[in-house]
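Every number in this text was worked out from the coordinates using simple rules, so none of it is lab data. Because the structure is a prediction, the values reported are computed rather than measured. So basically every Cβ, Gly included, is an ideal-geometry build from the backbone, and we count neighbours across all protein chains shown.
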Amino acid sequence: MLFLFAFQRDTGSLYYQVAAIPQDGAVLLLEEWDELCLFAYTGSSPGSGNVMALNRTNGQVVSQYNSDHNKIVWAAVRGDCLMLVECDGSAAYLTRLSLSTLQKLDSRPLPIATEELEFFDCDGEGSFYFADPSDGNALWISSPDGSLQKVEELSSVSFLEITPEGTLFAVSGLYYFWGPAQDPQQWQSTVLTLTPEYLLEENYFVSKPFHTLYQYSDGTTTQVNYLTLPSDPLLCALDREEHLLYPGSDNTLQCVSLSGESLGSVSLRGTLLAVCGNGAIIQEEDYYWFTPIQFFQEPVTPTPVATPTPEVTPTPEVTPTPEVTPTPEVTPTPEVTPTPEVTPTPEVTPTPEVTPTPEVTPTPEVTPTPEVTPSPGPSPEPSPPPTPEGIVQEGDYLIMSIDVTLSKLLSYFSPDAVEVCRPDGTVVESGHLATGMTAREYTLVVLGDCDGSGSLSNKDLRAAQGLMLNSDIDSDPYHRAADMNGDGAVTTLDLILLAQSISS
């Protein structure tokens, strides 16, 4: 059974004032790191931002970094460093801070102006990755030594993030790229089926436009649950036991398992600004307040500490005193008794213990042979897709490929004369066939034409992505048009086939 673990007390008294909110203040980061909460915020004027390492139990400031002359615009944990992007007017700088002392390790200028920063990130080694708007949003890498490298395969970048451990995820056009940030040669790609809103830890992301959670592994995506999560990454977190934390109704913070099971909630005062696995930042009046939040169980490490008590067991070592028993060895006189020891011969009687042989009876367990029953396994195969040039009748649908012409369709009904009509009832006399048209009692399904335009484009890919989220596959011909392989469901494979058809 799952019990809700220790969390914020009902008294509501565990709030710790950590900083006054600067003018136009904004929270940039709240992240769990060991037993600390890393908190970064900024303001409108240079030097108004700050980075703090807070004790997760009492909110005490363990260490901090203040950008005296620059403005902090971005903060993230990468590897064993806290990385900042600071700006001085249009000049941008990448700064590395040590964890957990927040000492400044180094800072270097970046080859892009502050106002052009939109899609960017960095890794723990200090390499900076950015989409250059002056170069069609092509991806560039700025190494710590200042050298620049253009990644030729990636242009029109519309998403770019790197995980704390150094895995890069990027969206370029209709493709999704991922791999170790330091080695572009190892990046893999696949047709884009879901657009990420933001990454969550190493293996999860929240998608657009429905803000649902997906897990990413080996190039495949799996929907984790059907919860609608915040679009703001500061308001969604995973704790160390992978419980989801996000704001609920009535100013509460919800704790939910990855399967969607509610594990509990805690009421908050003020306005929630950010949450991490072990704490939250709220705004009340003109101050930032930290409150500890804990839905995970503490490690049971203290119990092994009690283990020294068994060390008292050496006392039984005093037992060697019975070794004095050799004195009875003076009794060798009874050694005459060994003659009765001849009696062990009757001990041959253990031979009847051979009786366990009847245990061979388990042979009747050969009965598992009836498991041959899986023979009825031949499950119905999905309906085969039509040949590229053919037309296939499927119930009330006529399934066809995009290159089937009006004349070919009319010849399908030959020698009968039929009219092909648009959904509004007008007769089609020329042009392309489209999903949703009718011929006699049949509805036309042009594979890949998911929007009924009669052609294949990125609009169809976006329409298919929406249809994939709707499991009612038989509701209309557009679902069937998106089911490229005819297996009865719109899946990622169908989106890949559709993207290939669009690009061919």
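Points worth noting:
- Dimensionless Rg ratio for the stretch 401-504, taking C-alpha atoms and the 2.2 N^0.38 Å reference: 1.07
- Difference of contour (0.36 nm per residue) and Cα-Cα distance, GLN182 to GLU202: 5.6 nm
- Relative to its Kirkwood radius, the Cα radius of gyration of the stretch 209-299 gives an Rg/Rh of 0.99.
- Debye equation applied to the C-alpha atoms of the stretch 10-66, log10 I(q)/I(0) at 0.30 Å⁻¹: -1.23
- Note on HIS432 and GLU118: with the Förster distance fixed at 30 Å, the Cβ-Cβ geometry gives a FRET efficiency of about 0.20.
- The stretch 398-446 - Debye-derived log10 I(q)/I(0), Cα point model, q = 0.20, 0.26, 0.32 Å⁻¹: -0.58, -1.04, -1.57
- Note on THR101 and GLU241: the model spin-label points, each 7 Å out from Cα along the C-beta direction, lie 3.5 nm apart.
- Its residues counted as N, the stretch 16-298 yields a C-alpha radius of gyration over 2.2 N^0.38 Å of 0.99.
- Where labels lie 7 Å past Cα in the beta-carbon direction, separation of TYR226 and VAL418 in nm: 3.7
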